[in-house]
Amino acid sequence: MNDPSPIAAVSKPDALRSAITDARARGDAILDIYRTDRDLRAAILKPGERTVYEPKLGSGPFIRPSHYGVLGFFALEVDDARADWWASEYPVDRVSGRGIHVMPLGPVRADVAESLRYVLTVFGDDIHHVRLVPGYKHRHVEAAIVRQGVRRAIRVAERVTGTSPVAHAWAYAMAVEEALHISVPVAALRERTCLAELERLMSHLGDLAVLAASTGTVTAAADLLTLKEMVLRFNQAAFGHRYLRDRLEVGGGSPRQVEKQALLSFVAEVEREFRQVRRALDRTNSFLDRLHGAGKLPTGDPLGLRLTGFVGKSSGHASDLRWDRTYGTYGDLTQDLNPVHVDAPDAFGRYLVRAEEIRQSLTILKRLEGLPPEEPVPGREGRFGSGVGFGLVEAPRGRLFYRVAVRGMDVTAVRIATPSSLNWPAVPVALAAHNILQDFPIIDASFSLSVAGLDL
Amino acid sequence: MFYRRWLYHFIRRPAVSPYPFRPDPAALARPGQIVTTTRQFGRSLAVRHVDGGSSNGCESELALLGSPVYDWSRFGFGFTPSPRHADLLLVTGIITEAMVPHIRETYDAMPEPKLVVAVGGCAGGEPGYFAGLPGVVGDLGEVVPVAARIPGCPPSPNDILAVLLAVVEAPAARRAGGRLP
Ligand code: SF4
């Protein structure tokens, strides 16, 4: 880490703004401004250098609750990782009234959960208003990608969201390939398609297991987790990593051929097992009754949320990039299939879409093996010049977007829009729509969004 | 009268609810009076998980520990909804500065004896691609005493289970050095 030259000690947004203007005038790139528990900081990258350093921007008495007795009463909301800096710029809406109280939940939550704070405003059992406070997991992923070279950065992209590494790596690779005009051999595209569908399978099975567990349907949860473990073990055997990391390369790399018979028998087994679980779930009233009407989103999108993935598909935004852009080898595989579309913008609809998508993924995997063998066409290595490229991939949770700027062997800038960041704004809306606190885990599980994808 | 109590509680809001965290030294001074054992952790172990900035790959593996395939409850393990009941703290992810106070608070709220295990390369002091980034601590050992680190990205449920068993069975002296597994 090189010598941090502190910009200025400031405590107000105004002073901060002028300090940042100065840094920009010097030609430094401001990657991010954020606050820690103690002070405000900026992540700054000097042009031509790989290290990021972080001058402190100022410190103030950031009081945390429960340490200060009476003061804690007033400081209840000050604990938010980044909120009070944002709050001065964007006023936070609050609900007040007789009998209403605020129930902060998180960042440490029960069971295995990611760090995020929900500020629930409740009246008795009814949830009236929800505010999400991210920022606890802010890891500067984009800065981490920029620090690496073009080829190694794909490994960082795989670690943005641990449960969808293939989608991230593919979107990143697609963006770089577009920027540098690299064409990818068909064999590599087929491998990517296969990996992406296996990942969708794994992700959906895990999500549905959490959903089943949240309604107390533990038998189905156990079955679904066992199925997920089956997929993970197949991944390990066929591609050398349970979460399919370290396979994708910019330009295609050396694709691995899965044994046809192994894949087909695996698909058949998952299909058979899943059909049984699905049939049992569809007949379990205690499961269905909790889902119907829970976390209902307004139809017609009056809030302009532009939802994606299974959340969108169940609330009237049926778009799927596998059909819309037919990237990879999806064009041949999805001709006579249609994107799943369900008309139920509640937890039940989100369950149904994923259950159908699991079936669809299995079909695509089967067809992938049936494709005629392709002439081994070597990919064309593009010039290492400079350029900007876009990568758009349908991740398990929805539309994933990468914009990558490349110069020589370096990534100069990257922007990521994850499906989770698109869908998270819908969670408060769905939670505060005539639900009670007991529905909270179910609604939360029905969205199954990743916090890692929100707090990049 | 109501308002007197109300005011009293308002002013004297305790930081944490009082709870006998440590064994009573007076009771410990009388050998034979209480049942003792060399094993610090018995047949049931309550586990608490905190995410210190993970990519959620580690969480995905932790969730599988309860599945019939690994079924950690046959060893007496189980997640607890409160740190007050926890014997063991699992921390995942590169440790972000925003999470440091929350990890510490969770650790402080756990009764003695207690253990901390870092899950994944990130928490175990090998943050890899995230090393040296702003706001990243990168090693759980700098925040709370760590009994064991489980390498891997993410470590498989098998590895996690093996290390947890090793940690729980190990004598306290070896555990304290953080040299496990
Ligand atoms: S060790 Fe790997 S899987 Fe675990 S949190 Fe870190 S990057 Fe994610």
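Between the alpha-carbon centers of segment B:105-174 and segment A:105-121, tell me the distance in whole angstrom. Spelled out, the Cα-based centre of one part sits 21 Å from the other. For segment A:270-283, backbone phi angles converted through the Karplus equation (6.51, -1.76, 1.60; θ = phi - 60°) give residue-by-residue couplings of 4, 4, 5, 5, 5, 4, 5, 4, 4, 5, 5, 5, 5, 10 Hz, Gly and Pro being listed as x. Quick check on segment A:176-317: take the gyration tensor over C-alpha atoms, sort the square-rooted eigenvalues as a ≥ b ≥ c, and tell me if it's rounded (a/c under 1.5), prolate or oblate. Verdict is oblate for segment A:176-317. Distance check, please: which entries in A:LYS296/A:LYS366; A:LYS137/A:LYS296; A:LYS137/A:LYS260 exceed 30 angstrom between their Cα atoms? A:LYS296/A:LYS366; A:LYS137/A:LYS260, as the Cα separations exceed 30 Å there.
Close amide-amide hydrogen proximity is noted between A:GLY293 and A:ALA347, A:PHE348, each under 5 Å apart and 5 or more residues distant or on a separate chain (H modeled in the peptide plane; Pro and chain starts excluded).
Note on A:98-111: average number of Cβ atoms from other chains within 10 Å of each residue's Cβ is 3. Proximity of backbone amide H atoms, modeled 1.01 Å from N, is registered between B:PHE79 and B:VAL47 at under 5 Å, excluding neighbours fewer than 5 places apart on the same chain. For the pair A:VAL429 and A:MET409 in one chain, pulling the backbone fully straight at 0.36 nm per residue adds 2.8 nm over the alpha carbon distance.
Once the Cβ-Cβ distance of A:HIS241 and A:ASP324 is raised to the sixth power relative to R0 = 35 Å, the FRET efficiency obtained is 0.75. Take each residue in A:281-294, count the other chain C-beta atoms within 10 Å of its C-beta, and the mean is 0. The slack between A:LYS366 and A:ASP125, meaning 0.36 nm per residue of separation minus the straight C-alpha distance, is 82.0 nm.
Accessible area per residue (1.4 Å probe, heavy atoms of protein chains only) ranks A:PHE348, A:PHE447, A:PHE123 as A:PHE123, A:PHE348, A:PHE447, with the largest value leading. Among A:164-170, A:431-437, A:246-252, sorting by the average number of other beta carbon atoms lying within 10 angstrom of each residue, highest first, gives A:164-170, A:246-252, A:431-437. Using the Karplus relation 6.51 cos²θ - 1.76 cosθ + 1.60 with θ = phi - 60°, the per-residue 3J(HN,Hα) values for segment A:364-370 come to 4, 4, 5, 5, 4, 6, x Hz, with x marking Gly and Pro.
With a 1.4 angstrom probe, the accessible area lost at the B-A interface totals about 4400 Å². Between A:THR412 and residues 5 or more places away or on another chain, which pairs have amide H atoms under 5 Å apart, with H built 1.01 Å from N, and which residues are they? When sequence neighbours closer than 5 places are left aside, the close amide H contacts are A:ALA405, A:VAL406, A:ARG407. Report the label-to-label distance for A:ASP332 and A:SER183 in nanometres (one decimal), using points 7 Å from each Cα along the Cα→Cβ vector. Each label point is offset 7 Å from its Cα along the Cβ direction, giving 1.6 nm.
Annotation for segment A:396-434 versus segment A:200-255: alpha-carbon center distance of 22 Å. Once all protein chains are placed together, A:LEU454 keeps about 50 Å² accessible to a 1.4 angstrom probe. Placing dummy labels 7 Å off each Cα toward the beta-carbon, the span from A:ARG283 to A:LEU264 is 3.1 nm.
Computed over the Cα atoms of segment A:141-447, the ratio of the radius of gyration to the Kirkwood radius (Rg/Rh) comes to 0.98.
Within 10 Å of the Cβ of each residue in B:65-72, the mean number of Cβ atoms contributed by other protein chains is 5. Note on A:ARG272 and A:ILE436: the extension gain reaches 55.4 nm, defined as 0.36 nm multiplied by sequence separation minus the Cα-Cα distance.
The values are calculated or read from the model by the stated rules, or taken from the named source; none is laboratory data. This is a predicted model, so every value here is computed, not measured. Glycine also receives a Cβ, built like all others from the backbone with ideal geometry; neighbour counts cover every protein chain displayed. Just the protein is used for accessible areas: all its heavy atoms, side chains included, with ligands, DNA and RNA removed. Shrake-Rupley method; radii C 1.70, N 1.55, O 1.52, S 1.80 Å.
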